[in-house]
Amino acid sequence: MPSFVHGRRGSRLAALAAAAALASLLASGCTGLRPAKAPIDTFVDKSTCTARADTLLIMLPGAYSHPDEFVRENFVSAVRERQLAVDIVRVDAHLGYYSKGAVIERLQQDVIAPARARGYKAIWIVGISIGGLGGLIYANAHPADVTGLVVLAPYLGDRVQSMDVANAGGLERWQGPLTDPVGDDRAGGERAQRETALWQWLKAYARRPLPVDHPPLYLGYGLDDRFAFSHRLLAAALPQERVFTTAGGHDWPEWTRLWRAVLPTLPLPGCNG
């Protein structure tokens, strides 16, 4: 069975998955994309309890959210309240970067490579909605860069693809397509091929032990989220202590509750050891 691989082909598959997400969002009536810039805009929140942190949290917003919303919705203050020895970079990875297929390149060149050069030893990605997809496809393309992933209400593709996984009995039993999702160019199948590639990579999370090229993954979602059907399929493949749910749908109140539930369970360093 073909699977996500790393290097040039892995990056290509990741870019295809991002393109599939964009196509779905545009089809639902979303317009008015902001232009993608190079370098991408970032906003830094230094730890308030240590002068030099060696752990970095990269926060990726939803399609039409701004990084300032991580401050407004208390994601940053939740980290500070716990006296964690971590710095935060909020990244303006809006939908325009997915439109251009540039989100992986910009994260690597403008955020993660400079962070490594500054001495950060552990890098976590925290993504919401399409930002969750961004974290997943980045981890596929550059697994050695990512210490861990937190995805809240991630966009995982069209429900048709999720139904295929569900009908097979879940990710562990799902065998995927019979042909390579990149090489198969049948008319009308391109979007399905892209999303299949994403699920093929996620399938490895059903394996025990977890493959070393898949960073630990923490999932949170609202029980009435419009993407909850897909979330439940992914949740079934993860250790249950890494799955978090809350009442509600696809919005900031739910995401904030989930973040406050997930954060204490993450293996992040504290300023007091």
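Would you confirm whether any residue within the range 130-145 is acidic (Asp, Glu) and under 23 Å from Leu258 (Cα atoms)? Steps first, please.
Quick first cut of the range 130-145, residues acidic (Asp, Glu) only: 145.
Okay, now just the ones that are also under 23 Å from Leu258 (Cα atoms), so none.
No, that holds for no residue.
Among the residues of the range 230-253, those identified as in a helix (DSSP H, G or I) and under 17 Å from the mean Cα position of the chain (by Cα) are Ser230, His231, Arg232, Leu233, Leu234, Ala235, Ala237, Arg242, Trp252. Checking Ser65, Ser47 one by one, the residue that is closer than 24 Å to His142 by Cβ and part of a loop (DSSP other than H, G, I, E, B) is Ser65 and no other.
Restricting to the range 50-62, and then to whatever is part of a loop (DSSP other than H, G, I, E, B) and in contact with a helix residue (DSSP H, G or I) (Cβ under 8 Å, 6 or more places away or on another chain), can you tell me which residue is farthest from Tyr120 (Cα to Cα)? Step through it out loud before you land on a result.
Pass one, the range 50-62, residues part of a loop (DSSP other than H, G, I, E, B): 50-54, 61-62.
Then keep just the ones that are in contact with a helix residue (DSSP H, G or I) (Cβ under 8 Å, 6 or more places away or on another chain); that gives 61-62.
Details: Pro61: 22, Gly62: 25 Å.
So the residue we want is Gly62.
Only one of the listed residues (Ile123, Ile112, Ile137, Ile104) is in a helix (DSSP H, G or I) and over 12 Å from the mean Cα position of the chain (by Cα). That residue is Ile112. Scanning the range 88-96 turns up one or more residues that are assigned to a helix (DSSP H, G or I), more than 22 Å from Tyr221 (Cβ to Cβ) and at pLDDT below 95.
Can you pull out the residues in the range 222-254 that are aromatic (Phe, Trp, Tyr) and over 14 Å from Leu149 (Cβ atoms)? It would help to see each step written out before you state the result.
The first filter runs over the range 222-254 and keeps only residues aromatic (Phe, Trp, Tyr), leaving 227, 229, 244, 252.
Listed by number, the residues that qualify are Phe227, Phe229, Trp252.
Quick check: is even one residue across the range 145-156 at pLDDT 90 or above and either over 12 Å from the mean Cα position of the chain (by Cα) or part of a helix (DSSP H, G or I) (or both)? Checked the range 145-156: at least one residue is at pLDDT 90 or above and either over 12 Å from the mean Cα position of the chain (by Cα) or part of a helix (DSSP H, G or I) (or both).
Filtered by the rule that a residue be crowded, with 19+ Cβ neighbours inside 10 Å and acidic (Asp, Glu), the range 218-250 gives a lone residue, Asp225.
Test Val86 against the criterion of being among the β-branched types (Val, Ile, Thr), farther than 29 Å from Gly157 by Cβ, surrounded by fewer than 21 Cβ atoms within 10 Å (Cβ to Cβ) and in contact (Cβ under 8 Å) with a residue 24 or more places away in the chain, and give yes or no. So that I can check it myself, show each step before the final result.
Values: among the β-branched types (Val, Ile, Thr): yes; farther than 29 Å from Gly157 by Cβ: yes; surrounded by fewer than 21 Cβ atoms within 10 Å (Cβ to Cβ): no; in contact (Cβ under 8 Å) with a residue 24 or more places away in the chain: yes.
For Val86, the condition - among the β-branched types (Val, Ile, Thr), farther than 29 Å from Gly157 by Cβ, surrounded by fewer than 21 Cβ atoms within 10 Å (Cβ to Cβ) and in contact (Cβ under 8 Å) with a residue 24 or more places away in the chain - is not met.
Taking the stated definitions as given, is Ser28 over 25 Å from His214 (Cβ atoms) and either of a type in the set (Gly, Ala, Ser) or at pLDDT 95 or above (or both)? Yes. Just one of the listed residues (Ser129, Ser47) is hydroxyl-bearing (Ser, Thr, Tyr), crowded, with 16+ Cβ neighbours inside 10 Å and over 15 Å from the mean Cα position of the chain (by Cα), namely Ser47.
The values are calculated or read from the model by the stated rules, or taken from the named source; none is laboratory data. None of these values were measured; they are calculated from a predicted model. Because the Cβ atoms are built from the backbone with ideal geometry, glycine has one as well, and the counts that use them run over all protein chains shown.
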